[in-house]
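Only one structure is covered here, and it is reproduced in the block below.
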Amino acid sequence: MLKERMTPEEIAHLTGYSRQTINKWVRKEGWTTSPRPGVQGGKARLVHVNEQVMAFINSAQRVCEATAPYAANGNDTPFHTLLLTLGGEMTESEQKQLTTLLLREGISGLLQRLGIRG
């Protein structure tokens, strides 16, 4: 449930991002905040949940929901099926970036980047 004002921790819990990422977005996007009552030091803030913040929360929740099947299926799903599903879930821009990486690095380079091959 969304409140009028939320802590970065609450937004992080809703979206699946870390508190640090939410704080980064607060600064980067210039979200309106106010001091958190009862917390001394001045750093604890409440984020005002306006249309901009709501749009972020809603889009982030969709991303979290889209990734859920991967975790739920685990090792029961064949690898090639996971790759095809992943490709279908990626944006066109993400597909192009991954294609460029694979063409540039090849499988060996990709495995090395993942720490699978030294």
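The values are calculated or read from the model by the stated rules, or taken from the named source; none is laboratory data. Not measured: the values here are computed from a predicted model. Note that each Cβ is placed from the backbone with ideal geometry, even for glycine, and that neighbours are counted across all protein chains shown. Surface accessibility is based on the protein's heavy atoms, side chains included, excluding ligands, DNA and RNA. Shrake-Rupley method; radii C 1.70, N 1.55, O 1.52, S 1.80 Å.
Heads up, I need the accessible area for TRP25: 1.4 angstrom probe, whole protein in place, Å², nearest 10.
70 Å²
Given a Förster distance of 35 angstrom, what is the FRET efficiency for GLU29 paired with GLU92, based on the Cβ-Cβ distance and rounded to 0.05?
Efficiency for this residue pair is about 0.90.
Around ILE22, with a cut-off of 11 angstrom between Cβ atoms, what is the net charge of the other residues, counting Lys and Arg +1 and Asp and Glu -1?
+2
Just add up the charged neighbours of ARG45: K/R +1, D/E -1, any other residue whose Cβ is under 15 Å from the Cβ of ARG45.
Taking every Cβ under 15 Å from that of ARG45, the sum is +4.
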